Amino acid sequence: MKLGESVRMSWRAITGHKLRSVLTVLGVVIGVGSVITFVTLGASLQAAIVGDVATSSPEIAVTVGPESQGGPGGGGGGEAVPVFTEHDMAQLREIEHVEAVVPTGQVGIAALGHGNDTVRWPSMTATTRDSFAGDSFQSGGPFEVGANEAVLNPAAATMFAENVSAGEEITVEFAENDTRALVVAGVLNESSGFAAVAASGTPAVYVPTDPFYTTTAESPATGERERAYPQLTIRASSYERVDDVEPLARDYLENESDASQLKPDSYEISLTTNDALVEQIQGILSTFTNFITGVAVISLLVGAIGIANMMLVSVTERTREIGIMKAIGATRRDIVQLFLVESVILGVIGSVIGTLVGLAGGYAAATLIDLPVAFAPEWFAIAVAVGIGVGMLAGIYPAWDAARTDPIDALRHE
Amino acid sequence: MTDAAVDLHDVRKTYQMGDQTVHALDGVSLTIPQGSYTAVMGPSGSGKSTLMNVVGCLDTPTEGVVEVDGVDVTTLSDAERTALRGDEIGFVFQTFNLMPQQTARENVELPMTFQGVGRTERRERADDLLERVGLADRLDHKPNELSGGQRQRVAIARALANDPAIILADEPTGNLDSETEAEILELFEELNAAGNTLLVVTHERVVAEHAERIVHLFDGELEDIERIDQRRIAGEGTR
Ligand SMILES: Nc1ncnc2c1ncn2[C@@H]1O[C@H](COP(=O)(O)OP(=O)(O)OP(=O)(O)O)[C@@H](O)[C@H]1O
Ligand SMILES: [Mg+2]
């Protein structure tokens, strides 16, 4: 029998048994829909928890210091040597999955002032706008490059007699008789994560490297004088990518970089990832992946049993019809083909509706309990495939079985 | 190649009901020549339907040999028997066995569908057959929208769909008024005249007398084969 014929006849059978067809489709809808709902809920929960835990971005700190002393989280030990040139930064940005390379350097000053209050202060931190990506501000925002602007952490904003907020001016005394006014572009939030300083409660004032940072070095690679920094932060595109980026960056820095030539021989370049956090987040991700997989597999199983049950009943109900078809010359292949086409049609209809219902359900549930909605599309595909697949198997098996019995027995079936 | 359409040798069909053995067919030997017209009579439960099922390759005998066109069907595979039913045998069931969800026309088309006949040809032939059994105005009715006699006629039209060499009809006129009955019997005579082999189960002697001979069954045994000297001819209104 031709496929077109089976499609026509199967469609006839589907519309001819409305209730049964609706119930079968419902079985698939519930199966596929529940998988997608639970998976969406799981993915949303994961996004929420990772969002809460990931206070800083997936970063690698690059520092240089005396060989034996350069422990983890270095930069504190030894003297800060400005060895990382802009050429190095440009090269590091070329590495795959590197999102940003942020320089950090100190600008030595004498004092900071706000209103009538002046505080003796040794330095400001020069950096770029990229360092504030993902940070949140109490007021204002990041500074503009090239502008006389500054960003303060909460400790810095409160170290004067009067609290500082965005838009106000502070004065910087670089040296005696060299005082400049800076506009405060923004004040960071307490929890905001740029550098350890923000959290440690030590006041920090951030200014753009251009125009404030003036330390330069001659780049061995380009032969030109360029700004050079004692510390860089490489930000990867995600936590999973940190492990990919780190060895490539290390290889470049140790073997080819300007820094490797500029640093004193006894110094060593070290790359530090926030291992604990990265590991914790990777742990959460894998826990959730397992959790979602578990939930999906269970709801798939439940859905599959429902679909199989419905198909089995639907086919068994029609044993007599199968007997009739066989008696008038339908081969077993014809019969299996008919039921296969029918279950595929029902499975596809059910899967499409189930996907929509599941998406709506997952979205509604996640919104209801205030989670950021995140989807796990690979599970949608699996749910749909299993929905149709189980429908097919559950439809074929009893059809094949019924088609195998003597037509006379099938005809007697009531 | 014999000129027997169907040959039965000592065919037995037994059912084991607990400790009781039911002999639906108890050693039946019968030759049905090609192009013959045979009626089967016997009391209820004497094995008439069982005989038809065995001849029509729907049922397999417990013992004995059934040859259709010289081929021992008991040795055929399920698929081969299905193929044989599909193009050699037309079956009119005692219980009609129509597909409940399909219209009269679709029911008649169905055997042709399984034989791969094209759509327009199928439809033309189905319409033509339904017209011949007097149902030209009931093409799109489903079985539950038809009377018992009309269903029976759809079943007859369906049996003729693939122009089978052998037509097996189990009580084909059981539900019909005398006029429609005469039309069906006339149709059978035409088919027989065209060379088809007919085997018709009936309770009514007048129906049976349209055949060339009557096979009498009793308790699963072949009691007698009666030759009809004065055949009734439906077309001439001899009844
Ligand atoms: N599946 C079965 N299981 C047990 N016994 C059966 C089965 N099928 C038929 N029989 C028995 O076989 C015998 C013959 O049945 P069959 O249907 O051939 O009778 P019949 O001559 O067609 O009767 P009727 O005129 O009432 O249609 C009956 O006694 C019946 O009870
Ligand atoms: Mg009977």
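The values are calculated or read from the model by the stated rules, or taken from the named source; none is laboratory data. Everything numeric here is computed off the predicted structure, so don't read it as measured data. Note that each Cβ is placed from the backbone with ideal geometry, even for glycine, and that neighbours are counted across all protein chains shown. For the accessible areas, the whole protein counts, side chains as well, though only heavy atoms, and no ligand, DNA or RNA atoms are used. Shrake-Rupley method; radii C 1.70, N 1.55, O 1.52, S 1.80 Å.
Structural remarks
- Averaged over B:153-164, number of beta-carbon atoms from partner chains that fall within 10 Å: 1
- Three-way shape label, the protein assembly as shown, alpha-carbon gyration tensor, a/c 1.5: prolate
- A simple spin-label model places the labels of A:Arg333 and A:Ala147 7.6 nm from each other, with each point 7 Å out along Cα-to-Cβ.
- Simple spin-label estimate for B:Ser44 and A:Asn309 in nanometres, 7 Å along Cα-Cβ: 4.1
- Estimated buried accessible area (total), pair B and A, 1.4 Å, Å² to nearest 100: 2500
- Using heavy atoms of the protein chains and a probe of 1.4 Å, the accessible area assigned to B:Thr120 is about 110 Å².
- Sparsely packed loop sites in the stretch A:132-169 (the GluC sites (Glu not before Pro) outside DSSP H, G, I, E and B with at most 13 other Cβ atoms within 10 Å) comprise A:Glu144, A:Glu162.
- Gained length - A:His97 relative to A:Thr179, 0.36 nm times residue gap less alpha-carbon distance: 25.3 nm
- For the stretch B:1-47: rounded, prolate or oblate by the Cα gyration tensor [a/c cutoff 1.5]: oblate
- Phi-based couplings in Hz for the stretch A:261-277 (Karplus 6.51, -1.76, 1.60; Gly and Pro marked x): 8, 7, 5, x, 4, 7, 9, 9, 8, 10, 10, 10, 9, 7, 3, 4, 5
- Look at the Cα gyration tensor of chain B: its axes a ≥ b ≥ c give a/c of at least 1.5 with a/b over b/c, and that counts as prolate.
- The residues packed around A:Glu149, meaning those with a beta-carbon under 13 Å from its beta-carbon, carry a net charge of -2 if Lys and Arg are +1 and Asp and Glu are -1.
- Selected from B:Gln152, B:Gln34, B:Gln101 as most flexible by GNM, with chain B as the system and alpha-carbon contacts under 10 Å: B:Gln101
- Number of partner chain Cβ atoms within 10 Å, mean per residue of A:8-15: 2
- Rounded accessible area of A:Trp121 (nearest 10 Å², 1.4 Å probe): 60
- Cβ-derived FRET efficiency at R0 51 Å, A:Ala360 paired with B:Thr95, nearest 0.05: 0.55
- Segment A:Leu393-A:Glu169, extension gain: residue separation times 0.36 nm, minus the distance between their alpha carbons: 73.3 nm
- Carbon/sulfur fraction of accessible area - the protein assembly as shown, other protein chains in place, 1.4 Å, %: 52
- Accessible area (Å², 1.4 Å probe, nearest 10) - B:Arg12: 70
- FRET efficiency for B:Asp224 and B:Asn175, using Cβ-Cβ distance with R0 set to 35 Å, rounded to 0.05: 0.80
- Evaluated at q = 0.14, 0.16, 0.17 Å⁻¹: base-10 log I(q)/I(0), Debye formula over Cα of the stretch A:264-414: -0.79, -0.91, -0.97
- Charge context of A:Val336, other residues only, Cβ under 12 angstrom, K/R +1, D/E -1: +1
- Within-13-Å neighbourhood charge of A:Leu411 [Cβ basis; K, R +1; D, E -1]: -1
- On the basis of the beta-carbon distance and an R0 of 30 Å, B:Met17 and B:Val65 show a calculated FRET efficiency of 0.75.
- The candidates B:His9, A:His17, A:His97, arranged from most to least accessible area with a 1.4 Å probe in the full protein assembly, appear as B:His9, A:His97, A:His17.
- Spin-label pair A:Leu301-B:Ser29: with each label point 7 Å from Cα along the Cα-Cβ axis, the two points sit 6.3 nm from one another.
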